[in-house]
Amino acid sequence: MQARPPSKYHLKDLHREIDFFDRKISYCQNYEKFDSDLERESACHKLVTNRGNLVQLAAAMASQGIEYDPEQLPRSMKNVAAPGKASA
């Protein structure tokens, strides 16, 4: 299988996937039913780890100069992103 080349469209898809993981984490923490707190923590930890990998990949692509629309950043990353780093 061929790897996707870094592009602004791949970065846009990564941002969407990060936003999806944010929603999954929130649901896991607040609404999903588990038999124990340990199971909840384990499930949430897996989601947070996967999200972290995606955030690192997106940050690496942005640092390479790949353009992205700051309006399409995930809600969790809007406060983290420094103004002026993104190219519109």
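Laboratory data are not the source of any read-out in this text; all were calculated from the coordinates shown. Everything numeric here is computed off the predicted structure, so don't read it as measured data. Note that each Cβ is placed from the backbone with ideal geometry, even for glycine, and that neighbours are counted across all protein chains shown.
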For this session: State the percent of C-alpha pairs, over all pairs in the chain, separated by a distance greater than 21 angstrom.
Result: 37 percent
Seminar exercise, completed: For the pair R40 and R23, the simple spin-label estimate (label points 7 Å beyond Cα toward Cβ) gives in nm 2.2 nm
Exercise. Which angle between 0 and 90 degrees, to the nearest 10, do you get for helix 37-63 versus the longest principal axis of the chain when only C-alpha atoms count?
Worked result: 0 degrees
Exercise. Tell me, what is the percent relative contact order of the chain, built from C-alpha pairs under 8 Å that lie six or more residues apart?
Worked result: 40 percent
For this session: Work out, step by step, the length gained on full extension between H10 and Y31: first 0.36 nm times the residue separation, then minus their alpha carbon distance; give nm to one decimal.
Result: 4.5 nm
